[in-house]
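A.B. asks: Below is one structure. I have some questions about it.
The values are calculated or read from the model by the stated rules, or taken from the named source; none is laboratory data. From a predicted model like this one, the values you see are computed outputs, not experimental measurements. Note that each Cβ is placed from the backbone with ideal geometry, even for glycine, and that neighbours are counted across all protein chains shown.
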Amino acid sequence: MKIRTVLTLAIITVIMTMWPVSDACSHCEIPCGIYDDSMRYDMLSEHITTIEKSMSMITELSVAGDKNYNQLVRWVVNKENHADKFMEIVTRYFMTQRVKPTAADAGEAYDDYVKHLTYFHEMLVYAMKCKQTVDKANIEKLRELVKGSRGLYFKEHKH
């Protein structure tokens, strides 16, 4: 191998390791046609459960006499991360890939489209509220929204 090729590969490798990479966890946007909608809803539910656990631990550690700030911070970060992952699935998977824009004159199809968008918007708002607080009422509202969204979604998408 020529020295020039080795140097080029080395430079490319260094640039690739230094380049900021976004964490594209939700799915590709090619679209590839490989979807597992039920799994995504299961993931949303799992994120809600993890956020709830984080809230419980934050509350427990906050009232402890000898505060373990390291663990407290870790649970706060965990809650934030799972709320972000929840929001990414809602936006980058469902809103951009799975729920298709529908013309306003499409009757019931348009009404369902608006219902989908309303569910997804409310889910994003309550995920944000979960990031801001440890109020478990936000968890219950998220669960209710995911259940309603899932019911509407699978009414239309027979998989």
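A.B. asks: Scan the helices (runs of 4 or more DSSP H) fully inside the range 40-159 and keep the ones with 3 or more residues being in contact with a Cys (Cβ under 9 Å, 6 or more places away or on another chain) and surrounded by 15 or more Cβ atoms within 10 Å (Cβ to Cβ).
C.D. replies: 69-88, 136-156
A.B. asks: Would you please name the residue that is modelled with the highest pLDDT, looking only at residues in the range 33-66 that are farther than 18 Å from Cys130 by Cα and among the acidic types (Asp, Glu)?
C.D. replies: Filtering the range 33-66 for residues that are farther than 18 Å from Cys130 by Cα and among the acidic types (Asp, Glu), the one modelled with the highest pLDDT comes out as Asp42.
A.B. asks: Looking only at residues that are farther than 16 Å from Arg150 by Cα and among the polar types (S, T, N, Q) in the range 80-108, which one is modelled with the lowest pLDDT?
C.D. replies: My answer is Thr96.
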